[in-house]
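Below is one structure, written out as structure tokens; the observations come after it.
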Amino acid sequence: MPEIKHNGRWDFHRHEYQTQWPWILETGKQMSIADDPVRPELSLEFRLSHGREIYSTRGAIVCIAYCNDIPKKVDDLNKMAGLDNAIFYTVWSYRKGAGRDILTLMLDYFKAEKPWLKRFVTLSPKTEMAHKFHINNGAFVFRKNKHSVNYEYE
């Protein structure tokens, strides 16, 4: 069973090795990484390998890598393992507003519970949807890469 932290402030699951997801949607569908529209090619093993975590709420999932630098592409996540930066490399939701909610929750959680993290940066696709999502949620463009954009949250 994944760790559940709910103490009035944090309400999410941190996934470790489980393939069965704890949240069932109102439609009766079980949440799954197979639904990831951003990085569907990434396996569960990749997402849970050293220096990576998956978190979920009742309506969204976010995958995070801890890196010592800011990656420009997914392959960089394998070369930059570290503790300085939280890299949000995929986030998706099953209902309107849930992506924003999980991102806000995780930023607040990391700032309170993982004070060694210096930066909170995305590894986002170069799409208008990703741009609007991150800019509307308080990020700024840190760097534009050949196949991705890094948005940074403070």
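Each value in this text was obtained by applying a stated rule to the coordinates, not by laboratory testing. Fair warning: this is a prediction, and the values are worked out from it, not measured in the lab. We place every Cβ from the backbone using ideal geometry, glycine too, and count neighbours over all the protein chains shown.
Figures for the structure shown
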quantity	calculated
Acute angle (nearest 10 degrees) that the helix 98-113 long axis makes with the longest principal axis of the chain, alpha-carbon atoms	80
Sum of side-chain charges, LEU44 neighbourhood, beta-carbon under 15 Å (Lys, Arg +1; Asp, Glu -1)	-2
Local net charge near VAL74, Cβ-Cβ under 9 Å (Lys/Arg +1, Asp/Glu -1)	-1
Rg in Å to one decimal, and Dmax rounded to a whole Å, for the chain via C-alpha atoms	14.5, 42
Kirkwood estimate for segment 96-154, i.e. one over the average of 1/r between Cα atoms, Å	12.0
Pairwise centroid distance, computed over Cα atoms, of segment 125-140 with segment 72-93, Å	17
Farthest toward positive dipole pole in segment 8-142 [+1 Lys/Arg, -1 Asp/Glu at C-beta], among TRP116, ASN78, ALA139	ALA139
Reachable lysines from LYS118, criterion Cα separation under 22 angstrom, eight or more residues apart if same chain	LYS72, LYS73, LYS79, LYS144
